[in-house]
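In what follows, a structure is listed as structure tokens, so that the remarks can point back to it.
What follows draws every value from the coordinates through simple rules; no lab data is involved. Values in this document were obtained by computation on a predicted structure and should not be read as measured data. Glycine also receives a Cβ, built like all others from the backbone with ideal geometry; neighbour counts cover every protein chain displayed.
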Amino acid sequence: MEYMAFDKAAIFRSGLFAELGVVNFHTLTGLVCFMDENGVTEITQSELADILGVRRETLLRRIKALCDFRWNGHYIIEKERWREGGRFSSNTYRLNPEFLSFIKTGKQPYRIYEYPELSEAERVERRMIKGYSEWVATVKERDNMECLKCGSSHDLHAHHIEGYTEHPEGRIDVNNGATLCGTCHREFHIRYGRSGFSREDFNEYMRGDSLERRSS
């Protein structure tokens with residue numbers, strides 16, 4: 001079976017990705033992979049939420065934001081609601097025909113947390129777990145898409161305050177996340193190491209206390 005996918009080179013060159021932002025792009029990618037060659041899909045909200053690894057309530061907010069988005073004055077996605085017996089029965093999502101050149105056929109659907117060839121331990125190690133992409137996006141959204149340390153809006157990472165490996169209960173806990181830019185994120189791990197760090201270490205780093213760097 002073939003699926004639709006973005007031509008990544010084309011979408012990055014156009015500047016569309018930079019304008020969309022990570023959350024809108026994540027949602028749009030999930031829709032696009034189930035579109036036909038005309039850029040149309042009738043995937044249900046429950047199916048799309050499952051594919052993206054997000055709750056349905058979160059998906060509804062994302063779809064609205066995506067439908068409201070305009071690039072150079074043009075919409076990207078249009079949603080049509082169909083009535084059956086006086087009730088809304090389904091939705092159709094259409095990609096603006098002007099953007100059909102950005103998509104191509106692929107062999108696999110966009111489902112980031114299911115890789116049958118990997119063991120459970122490998123998926124955990126590679127952070128390919130259900131809900132992880134939503135965690136990353138939610139942490140960044142909550143922090144207004146800015147590094148909490150320096151205020152940069154570029155190269156943003158979702159950092160685990162209590163380590164990912166040592167604290168499995170906090171892997172997708174939004175309260176265990178903080179947005180840092182790539183530079184500040186690397187600086188934190190150079191100072192406190194790749195494992196064994198704590199919330200106290202994070203608070204100390206955010207205060208800017210002068211400490212000798214620990215080896216990683």
Item to check | Cα-derived Rg to Rh of the range 3-106, Kirkwood definition | outcome: 0.96
Item to check | Amide hydrogen neighbours beyond the local backbone of His159, cut-off 5 Å, H modeled | outcome: Ala178, Thr179, Leu180
Checklist entry - How much FRET efficiency would the formula 1/(1 + (r/R0)^6) give for Leu100 and Gln45, where r is the Cβ-Cβ distance and R0 is 22 Å, rounded to 0.05? => result 0.40
Item to check | Computed E for Asp68/Val124 - FRET, C-beta separation, R0 25 angstrom, nearest 0.05 | outcome: 0.10
Checklist entry - What number comes out for the charge environment of Gly21, summing +1 per Lys or Arg and -1 per Asp or Glu over other residues with Cβ under 12 Å away? => result 0
Checklist entry - What number comes out for the charge environment of Asn175, summing +1 per Lys or Arg and -1 per Asp or Glu over other residues with Cβ under 15 Å away? => result -2
Item to check | Mean Cβ neighbour count within 10 Å, used as a protection proxy, ranking 23-36, 65-78, 171-184, 124-137 highest first | outcome: 23-36, 171-184, 124-137, 65-78
Item to check | Extension gain (nm, one decimal) between Ala10 and Arg142, 0.36 nm per residue minus Cα-Cα | outcome: 44.6 nm
